[in-house]
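Written out below as structure tokens is the structure these notes cover.
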Amino acid sequence: MIDVKDLTKDFHKTKVLRGITEHIDKGEKVVIIGPSGSGKSTFLRCLNLMETPTSGEIRFDGKEITHLHDREINQVRMRMGMVFQHFNLFPHLTIKKNITLAPVKLKRMDEAQAEKKAMELLERVGLPDKANAYPAQLSGGQKQRIAIARALAMNPEVMLFDEPTSALDPEMVGEVLQLMKQLADDGMTMVVVTHEMGFAKEVASRVMFMADGVVMEQNSPQEFFRNPKNPRLKEFLSKVL
Amino acid sequence: MGFAESFRQNFIEADRWRYLWDGLCTTLLITALAVCLGMILGFLVAIIRSTYLRTKKLLIPDLICRLYLTVIRGTPVVVQLLIIYFVIFASVPVSKTFVAVIAFGINSGAYVAEIVRGGIMSIDVGQLEAGRSLGLNYPQTMLYIIMPQAFKNVLPALANEAIVLLKETSVAGYIAIADLTKGGDIIRSQTFSAFLPLLAVAVIYLVMVVVLTRLVGRLERRLAANDRR
């Protein structure tokens, strides 16, 4: 579904990604871990072109997307949902409007359809009573669940998660991971950058370790955690586990 | 001459109060129209400038905007007014009030632009990213997500800019517009007494500014309460 070839990204003089070649299949749940500054967030953000790659190819359903015009990039983004570390809900809109804004303005649904869909999604994330609340009235965990619902409203084929639980108070991490697990069980293709090793073990179909702008090692979660080979990964795991 | 006699002479005799009343109407008309023009220009410039700063697009329009801001904010408004009246519209028969609206509108636009640009840039870049990640294009994200938040943040500052403009129009007399200030000055020249006419002018400005400032304060508190919901 997503094919990445020799992807690099420089910020000014700093090489953040140094050549990544990867393939992500439909239905896969890829979890990316690694120390900060390893380029894992940048890699994720290249997939929906929030960052413009310096060189290399990204194919989405066989179509090269790194040299598209803005309008086509927007078409690609509609098919990839993204969830941010800091939620980025729209504070001036109600929860329901947060969810319906994109589908309505992008003419995917009319107002009534979008509202119906929003209520279904709110039911699914367990917050149907918050439809008319504003983001400021929600806890961090609730905000992130709404952010997930907002991304799902566009019926994306892939969901990208950029450290979705890193800004949460510890007691709220569980509710967000639970929702992500449900999403995984429903068959959603997911790429997740996270520090939650428990989530990686339980939900991932493949775990990827990034450091210094390259993928150093990847494997099924069982092998990855039981039998790490790369010394950097061994060191990293000894610190976080 | 007692106060009553002086008052009668300056305001009642020959209906001289009409100079102040007509002048006030002219001042309010010029201010209202110039505020509208200033807002339109200011928002346009602010959007161009912040688009350039965030996306590096619109380089040429941004250069033009920067030139506009530098020239307008770097020269006195009276000089701008005189140039627009005596140079730009020298051979075109237009109403003086129209010229004043153009001059004060262009002047105010530069200050509005910087206020609004500050408001846009103060919105977290995550808001832009969230909008774009959903597939909205840049104009849609600006219109539905960034501008409503920025506008609310800068509303008090914009209202204050309008109040400043109300006072600044007092130099309209330079091109012989009979505004409020000029009205008081005409009375002074007819009655040869300066104190009462000019005091009256000052009091009228002061009352308007105090009332408007109060209203802005109330607006500000209401917006703040809204944020805490």
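Ordering B:Ile145, B:Leu28, B:Val99 by Cα displacement along the dipole of chain B toward the positive end leaves B:Ile145 in first place; charges were set at the Cβ atoms of Lys, Arg (+1) and Asp, Glu (-1). Among the GluC sites (Glu not before Pro) in the stretch A:1-69, none is located in a DSSP loop while being surrounded by at most 12 other Cβ atoms within 10 Å of its own Cβ.
Couplings 3J(HN,Hα) for the stretch A:14-31, derived from phi with the Karplus relation 6.51 cos²θ - 1.76 cosθ + 1.60 (θ = phi - 60°), are 7, 8, 8, 10, 10, x, 10, 10, 9, 9, 10, 8, 4, x, 6, 10, 9, 10 Hz, where x marks Gly and Pro. Tell me, what % of the accessible area of the protein assembly as shown is carbon and sulfur with a 1.4 angstrom probe? Result for the protein assembly as shown: 59 percent of the exposed heavy-atom area is carbon or sulfur.
Please work out the ratio of the alpha-carbon Rg of the stretch B:107-229 to 2.2 N^0.38 Å and round it to two decimals. All intermediate terms of the calculation are to be shown ahead of the outcome.
On the way: Rg = 21.0 Å, N = 123, 2.2 N^0.38 = 13.7 Å.
Cα-based Rg divided by the globular estimate yields 1.53.
For A:His195 and B:Val87, what does the FRET efficiency come to when R0 = 60 Å and r is the distance between their Cβ atoms, rounded to the nearest 0.05? Can you show the working numbers first?
Values: r = 66 Å, r/R0 = 1.10.
Working from the Cβ atoms, E equals 0.35.
In nm, to one decimal, how far is the A:Asp110 label point from the A:Arg226 one, both placed 7 Å along Cα→Cβ? Rounded to a tenth, the inter-label distance reads 5.6 nm. Pairs with C-alpha atoms separated by more than 25 Å, drawn from the list A:Lys29/A:Lys229; A:Lys143/A:Lys181; B:Lys96/B:Lys167; A:Lys5/A:Lys29; A:Lys13/A:Lys234, are A:Lys13/A:Lys234. Rounded, prolate or oblate: which fits the stretch A:96-241, taking a ≥ b ≥ c as square roots of the Cα gyration tensor eigenvalues, rounded meaning a/c under 1.5, else prolate when a/b beats b/c? The shape class here is prolate. Specify the residue with the greatest mean-square fluctuation among A:Pro231, A:Pro164, A:Pro53, computed from a Gaussian network of chain A linking alpha-carbon atoms under 10 Å apart. Result: A:Pro231 has the largest fluctuation of those listed. When A:His67, A:His195 are compared by accessible area at a 1.4 angstrom probe, the order from most to least is A:His67, A:His195. The tail of the calculated P(r) for the stretch A:170-241 beyond 21 Å holds 28 percent of all Cα-Cα pairs. The long axis of helix A:140-152 is offset from the longest Cα principal axis of chain A by roughly 90 degrees.
Placing +1 on the Cβ of every Lys and Arg and -1 on the Cβ of every Asp and Glu, with nothing else charged, gives chain A a dipole about its Cα centre of roughly 280 debye.
Taken per residue, the accessible surface of the protein assembly as shown reaches 47 Å², heavy atoms only and a 1.4 Å probe. Overall, the stretch B:22-74 carries a charge dipole of about 460 debye about its Cα centre when +1 sits on the Cβ of Lys and Arg and -1 on the Cβ of Asp and Glu, all other atoms neutral. Remark on A:Ile32: its backbone amide H falls under 5 Å from those of A:Val192, A:Val193, A:Thr194, A:Met208, a criterion applied only to residues 5 or more positions apart or on other chains, H modelled at 1.01 Å from N. Mean residue ellipticity at 222 nm, helices only, chain B: -25500 deg cm²/dmol; runs of at least 4 DSSP H residues each add -39,500 (n - 2.57), and the sum is divided by the number of residues. Ratio of Rg to Rh for the protein assembly as shown: 1.16 [Cα atoms; Kirkwood radius as inverse mean 1/r over pairs]. Only Lys, Arg, Asp and Glu carry charge here, each on its Cβ (+1 for the first two, -1 for the last two); on that basis the stretch A:128-241 has a dipole of about 180 debye about its Cα centre. Rounded to the nearest whole Hz, the Karplus-based 3J(HN,Hα) values (6.51 cos²θ - 1.76 cosθ + 1.60, θ = phi - 60°) of the stretch B:131-137 follow the sequence x, 5, 5, 7, x, 5, 7, with x at glycine and proline.
Summed over both chains, the contact between A and B buries some 2000 Å² of accessible surface at a probe radius of 1.4 Å.
In chain A, helical runs assigned H by DSSP with n ≥ 4 each contribute -39500 (n - 2.57); averaged across all residues and rounded to the nearest 500, the mean residue ellipticity at 222 nm is -11500 deg cm²/dmol. In the stretch B:3-228, taking the dipole from charged Cβ atoms about the Cα centre, the farthest positive-side position among B:Leu128, B:Ala162, B:Ile12 is held by B:Leu128. Couplings 3J(HN,Hα) of the stretch B:63-76, computed from phi: 4, 4, 4, 5, 4, 4, 4, 5, 5, 5, 7, x, 10, x Hz, in residue order, whole Hz [Karplus 6.51 cos²θ - 1.76 cosθ + 1.60, θ = phi - 60°; x for Gly and Pro].
Of the beta bridges DSSP finds with both residues in the protein assembly as shown, what % are antiparallel, to the nearest 5? Walk me through the numbers before you get to the answer.
On the way: 20 of 37 bridges.
Around 55 percent antiparallel, to the nearest 5.
Between the Cα long axis of helix A:95-105 and the first principal axis of chain A there is an angle of about 80°, rounded to the nearest 10.
The values are calculated or read from the model by the stated rules, or taken from the named source; none is laboratory data. Bear in mind that the values here come from a model prediction, so they are computed numbers and not experimental data. All Cβ positions, even for glycine, are placed from backbone atoms using ideal geometry, and neighbour counts span all protein chains on display. Remember, those area values only see protein heavy atoms, side chains included, never the ligands or the DNA or RNA. Shrake-Rupley method; radii C 1.70, N 1.55, O 1.52, S 1.80 Å.
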